[in-house]
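Peer 1: Before I ask anything, let me first share the structure, which is written out below as structure tokens.
The values are calculated or read from the model by the stated rules, or taken from the named source; none is laboratory data. Just so it is clear, the model here is predicted, and its values are computed rather than measured. Ideal geometry is used to build each Cβ from the backbone, glycine not excepted, and the neighbour counts take in all protein chains shown.
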Amino acid sequence: MRRRPFDVLLAVSVGLVLAFLLLPLLALFLRIAPRDLLSQLTSEVAVDALVVSLKTSLIAHAAVLLVGTPAAYLLATRRFRGRSLMLTLVELPLVLPPAVAGIALFAAFGRAGLLGDTLDAAGISIPFTQTAVVFAVVFVSSPFYVRLGVSAFEAVDPRLLEASRTLGAGPSRTFFRVALPLAGGGLSAASALAFARGLGEFGATIMFAGSLQGVTQTLPLAIYAQLDLDFDVALALGAFLVVVSVAVLLTVKLLPSWTRFTSISLGPSARFDSS
Amino acid sequence: MRKLALALAVLAGAGCGGPAGGGDSDDHPTVFGASSLTDVLPKIDPDATYNFAGSDDLAAQIQQGAPADVFAAASPKYPDELYGDGKVDKPVVFATNKLVLIVPKANPAGIHSVNDLRGRDVKLVVGAAGVPVGDYTRTLLDDMGATDVLDQVVSEEDDVKGVVGKVALGEADAGFVYVTDVEPVAEKVTAIQLPTSAQAQIRYEIAVVESAPHHDAAHAFVEEVLGADGRSALSAAGFGLP
């Protein structure tokens, strides 16, 4: 009986957390009628932003998967000097404020930046282009994928990889036929979370890529730009991104191997701000 | 249900974040000011709490019930709209401004006039339509018969600081800003004057917010801005006076 006040305290805390987190999201949907939501989503600004976001996110995500998967595999399966330093460096962009990412991208790839002259000589100009959006998205989303990917590969029983090799499979065959399928659930979850993070990218994009409808104005930038011009469009785009986020979460939760995997991988990443 | 109501009350109180301020600083008003006033207003009253952003964003925040005391906007449009909705007292013109074209000191695109903006690969940054500096820019180009230079726009910024920053960084080739934005970045940019005949009348309006939490302080602030000290500070910052 003496524990009851404590239990009540715990229950109230959970209630407050849920109310605080869900109320604004719920309010978003209550503020706009479903029919208006759909009509606003087909407005020119919204459609342009959807196309820009989809295109840049898919290109960025392809790059992240292609390079991030082997990188995560190496970091997960080999032990070498500097490994933990490398893991920490990969995590750094996760805790970095997005505005810092934007100014850092300018410092590196801008016209007046570190590689500015080299890129200029090659006739390449990155700021204010869709390439710049892709850069910003890769910069903020790839650490998510690589970090969670390392955890996914680490969760694969090393004896299975060993067995594959002793049975005569080469390293690449072991990677493609054993490690990749076994880590598949975790990697898919990592991929979904990284994609969602990239889709929501705002700070680095608005600085490094600017905001131009149909070129660099992604969904989050369109919400910001429409806030004062047409609040309903901003609301509709916001509601749309909530739906996409819910879909991503459901995908992650419904991936079968993800459940036994959460305890390992969400530990270090749960505190990472995805604003 | 009561818990939900409580949460709502907490949210309503905290909802507007940053500049809300405590109820204890009775004699210090919370001022929502246009970005272009960032440097000058604190010189007139260093003790007020400031929230600087695009006038349109600030108007939207006040419309949504942000606890502002004073609204100082870079255009008559937003204060007049809020006045029409009964959200602010009658606005008063307190300063005027004009547009200039700025280019990075190195001037990589070799721009010396609005006509040069038509060159190939010129990266022009402007305020977005609906943002005062963006609307003034479009009016000016329209008056000059030069709206085609808008084809060179690589970014439409949500406030004037975005335009200034990207040109000062040397990443954009040119941008239209207020003459009063040039001084803080004078070492990094060159200002090109624009024909007076094409200059739109840029008037700044100030108004006390109807639901001001610090009503007396708000009135005192507006008096100060309109008074001798305010006028000399505005003038020193490059503003015109009404």
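Peer 1: Could you list all residues from region B:109-125 that are surrounded by fewer than 15 Cβ atoms within 10 Å (Cβ to Cβ) and either part of a loop (DSSP other than H, G, I, E, B) or in contact (Cβ under 8 Å) with a residue 40 or more places away in the chain (or both)?
Peer 2: B:Gly110, B:His112, B:Ser113, B:Gly119, B:Arg120, B:Asp121
Peer 1: Within region B:128-163, take every residue that is assigned to a helix (DSSP H, G or I) and among the charged types (D, E, K, R) and give me the one that is nearest to the chain's Cα centre (by Cα).
Peer 2: Step one: filter region B:128-163 for residues assigned to a helix (DSSP H, G or I), giving B:132-143, B:147-152, B:160-163.
Then keep just the ones that are among the charged types (D, E, K, R); that gives B:135, B:138, B:142-143, B:148, B:151, B:161.
Numbers: B:Asp135: 12, B:Arg138: 16, B:Asp142: 22, B:Asp143: 22, B:Asp148: 25, B:Asp151: 25, B:Lys161: 9 Å.
Here the answer is B:Lys161.
Peer 1: How many residues, within region A:130-150, are more than 15 Å from A:Leu89 (Cα to Cα) and modelled with pLDDT under 95?
Peer 2: Result for region A:130-150: 0.
Peer 1: Tell me whether region B:52-75 contains one or more residues that are more than 20 Å from B:Pro213 (Cβ to Cβ), away from chain A (no Cβ under 14 Å) and part of a loop (DSSP other than H, G, I, E, B).
Peer 2: Checked region B:52-75: no residue is more than 20 Å from B:Pro213 (Cβ to Cβ), away from chain A (no Cβ under 14 Å) and part of a loop (DSSP other than H, G, I, E, B).
Peer 1: Ok, one more. Can we say B:Pro195 is within 25 Å of B:Asp142 (Cβ to Cβ), surrounded by fewer than 16 Cβ atoms within 10 Å (Cβ to Cβ) and either under 18 Å from the mean Cα position of the chain (by Cα) or among the acidic types (Asp, Glu) (or both)?
Peer 2: Considered against the rule, which asks whether it is within 25 Å of B:Asp142 (Cβ to Cβ), surrounded by fewer than 16 Cβ atoms within 10 Å (Cβ to Cβ) and either under 18 Å from the mean Cα position of the chain (by Cα) or among the acidic types (Asp, Glu) (or both), B:Pro195 comes out as no.
Peer 1: Starting from region B:226-242, take each residue that is over 18 Å from B:Pro46 (Cβ atoms) and free of Cβ contacts under 8 Å to residues at least 60 places away in the same chain and list its partners that are surrounded by fewer than 16 Cβ atoms within 10 Å (Cβ to Cβ) and of a type outside the set (Asp, Glu), counting only C-beta distances under 7 angstrom and pairs at least six apart or across chains.
Peer 2: B:Ser235/B:Leu241
Peer 1: Next question. Among the candidates A:Arg31, A:Arg81, single out the residue that is exposed (fewer than 10 other Cβ atoms within 10 Å of the Cβ) and either out of contact with any strand residue (DSSP E or B) (no Cβ under 6 Å at 6 or more places or on another chain) or closer than 21 Å to A:Val242 by Cα (or both). Please lay out each step first, then the result.
Peer 2: On the way: A:Arg31 fails: exposed (fewer than 10 other Cβ atoms within 10 Å of the Cβ).
Sole residue among the options that is exposed (fewer than 10 other Cβ atoms within 10 Å of the Cβ) and either out of contact with any strand residue (DSSP E or B) (no Cβ under 6 Å at 6 or more places or on another chain) or closer than 21 Å to A:Val242 by Cα (or both): A:Arg81.
Peer 1: Out of all the residues in region A:72-124, which are in contact with an Asp or Glu (Cβ under 8 Å, 6 or more places away or on another chain) and in a loop (DSSP other than H, G, I, E, B)?
Peer 2: Listed by number, the residues that qualify are A:Gly110, A:Arg111, A:Ala112.
Peer 1: Sticking with this structure for a sec: Being of a type outside the set (Gly, Ala, Ser), away from chain B (no Cβ under 13 Å) and touching a helix residue (DSSP H, G or I) at 6+ places or on another chain (Cβ under 8 Å) is true for just one of A:Pro220, A:Pro158. Which residue is that?
Peer 2: The unique qualifying residue is A:Pro158.
Peer 1: While we're on this one: Any residue in region B:154-180 that is within 9 Å of another protein chain (Cβ to nearest Cβ) sitting within a Cβ distance under 6 Å of a residue that is in a helix (DSSP H, G or I) and crowded, with 24+ Cβ neighbours inside 10 Å? List the pairs, counting only those 6 or more apart or interchain.
Peer 2: Correct list of pairs: B:Glu157/B:Val163; B:Ala172/B:Lys166.
Peer 1: Hey, among A:Leu114, A:Leu105, which residue is more than 9 Å from chain B (Cβ to nearest Cβ) and buried (at least 21 other Cβ atoms within 10 Å of the Cβ)?
Peer 2: A:Leu105
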